[in-house]
1. Can you name every residue in the range 111-142 that is farther than 13 Å from VAL157 by Cβ, surrounded by 24 or more Cβ atoms within 10 Å (Cβ to Cβ) and under 16 Å from the mean Cα position of the chain (by Cα)?
2. Can you confirm whether the range 173-191 contains a residue that is of a type outside the set (D, E, K, R), assigned to a strand (DSSP E or B), surrounded by fewer than 22 Cβ atoms within 10 Å (Cβ to Cβ) and not assigned by TED's automatic domain parsing to the domain that holds VAL290?
3. If LEU56 satisfies all but one of (1) under 30 Å from ALA152 (Cα atoms); (2) at pLDDT 95 or above, what's the number of the condition it fails?
4. In this structure, does VAL205 turn out to be in contact (Cβ under 8 Å) with a residue 40 or more places away in the chain and more than 22 Å from the chain's Cα centre (by Cα)?
5. Name the residues in the range 281-297 that are surrounded by fewer than 20 Cβ atoms within 10 Å (Cβ to Cβ), small (Gly, Ala, Ser) and either in contact with an Asp or Glu (Cβ under 7 Å, 6 or more places away or on another chain) or under 19 Å from GLY169 (Cβ atoms) (or both), would you?
6. Spot the failing condition for LEU23; the list is (1) buried (at least 18 other Cβ atoms within 10 Å of the Cβ); (2) part of a strand (DSSP E or B), and only one is missed.
7. Step by step: first the residues of the range 47-80, then only those that are part of a loop (DSSP other than H, G, I, E, B) and buried (at least 24 other Cβ atoms within 10 Å of the Cβ), then the one that is farthest from the chain's Cα centre (by Cα). Which residue is that?
8. Hey, among the residues in the range 161-172 that are in contact with a strand residue (DSSP E or B) (Cβ under 9 Å, 6 or more places away or on another chain) and among the hydrophobic types (A, V, I, L, M, F, W, C), which one's surrounded by the fewest Cβ atoms within 10 Å (Cβ to Cβ)?
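The values are calculated or read from the model by the stated rules, or taken from the named source; none is laboratory data. A quick note: this is a predicted structure, and the numbers were derived from the prediction, not measured. Cβ placement follows ideal geometry from the backbone for every residue including glycine, while neighbour counts extend to all protein chains displayed.
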Amino acid sequence: MALPSTQVVVRFERHGGPEVLDLVEAPVLSPGPGEILIRHAAVGLNFIDIYQRTGLYPLPLPSGLGKEAAGTVEAIGAGVTRFAVGDRVATATAPAGAYSQFHVMPETAAVAVPDGISLETAAAVMLKGMTAEFLTRRAFHVKQSDEILLHAAAGGVGLILGQWARSLGATVIGTVGSEAKADLAHDHSADHVILYDREDVAARVKDLTEGRGVSVAYDSVGQATFESSLASLKRRGMLVLFGNASGPVPPFDPLRLSRAGSLYVTRPTLFDYVATVEELDASAAALFAVIRSGAVKVEIGQTFPLTNVRDAHEALAGRRTTGSTLLIP
């Protein structure tokens with residue numbers, strides 16, 4: 001199939017709400033040395049996209065948006081050795097610009113999608129799934145019999161992380177914002193579910209753990225859940241903050257950590273855990289293996305045409321989504 005000369009891409013020229021996202025016509029570029037051109041089958045929507053759109057994680061403007069996608073290699077540049085034309089690939093770490101029909105990127109930013117995994121599944125799981133991988137296996141090593149607290153347990157990362165932690169032998173206590181999300185979390189991975197707007201999360205965690213508290217709290221919500229996360233930890237427990245869905249956590253006195261039981265707090269990002277090609281390949285391989293084993297099932301909760309990108313952002317920011325959300329070019 002001949003490549004078109006132009007494509008539809010999402011661009012924004014100022015930070016702000018979904019209204020700053022525009023659909024524009026742009027050229028389909030040829031890959032340079034060490035680069036590949038991917039025709040996208042599906043694009044993943046993530047909170048990092050919202051953070052970049054609003055300026056919490058500012059990008060040089062004007063800019064494209066999106067980091068997670070899967071598709072087929074349409075052309076390769078000089079010196080490319082990782083891929084050939086026709087290969088199925090996915091990415092989560094390339095420069096922003098995945099909200100597009102075609103995307104040129106370094107070959108080192110893509111991974112091969114193995115047989116048995118659809119491109120839609122790969123697009124739904126790459127960024128969220130590798131996040132779950134490093135959170136459960138490296139930022140904090142989840143072990144048999146660990147009790148963990150997982151906020152947003154019915155979200156894209158939450159559903160994957162909860163299943164992965166369960167496969168490692170952990171007991172998962174999830175928090176959600178509605179009865180429907182509680183059912184989804186229960187069905188996938190959560191041993192216990194707390195409705196965070198109706199219950200005292202920390203008190204309920206202590207009840208469920210017979211007063212011990214949890215070994216680790218995974219918190220992608222931020223400001224609204226920070227206090228309950230800290231209060232839910234056992235002695236020498238760790239709070240892993242990996243998102244700011246409700247806003248950034250205010251400054252706090254580190255002395256609080258010693259007074260509450262020599263606690264740990266970390267604020268990791270995926271990109272420091274897949275900083276080399278070897279780390280990227282290893283993380284993706286572990287993710288695809290756990291999916292193919294059946295231990296983790298990928299929930300694609302909703303899809304939007306790329307042309308409805310503003311609606312998709314409103315739904316994600318308004319916590320009206322479950323599982324992974326895809327944009328279809």
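1. Scanning the range 111-142 gives ALA122, ALA123.
2. No, the range 173-191 has no match at all.
3. (2)
4. Yes, satisfied.
5. Hits for the range 281-297 are ALA286, ALA289, SER293, GLY294, ALA295.
6. (1)
7. So the first thing to find is which residues in the range 47-80 are part of a loop (DSSP other than H, G, I, E, B), and the list is 55-62, 64-67, 77-80.
Imposing the further condition that a residue be buried (at least 24 other Cβ atoms within 10 Å of the Cβ) reduces the set to 65-67.
On the way: LEU65: 15, GLY66: 12, LYS67: 10 Å.
That would be LEU65.
8. So, considering only residues that are in contact with a strand residue (DSSP E or B) (Cβ under 9 Å, 6 or more places away or on another chain) and among the hydrophobic types (A, V, I, L, M, F, W, C), the one surrounded by the fewest Cβ atoms within 10 Å (Cβ to Cβ) is ALA170.
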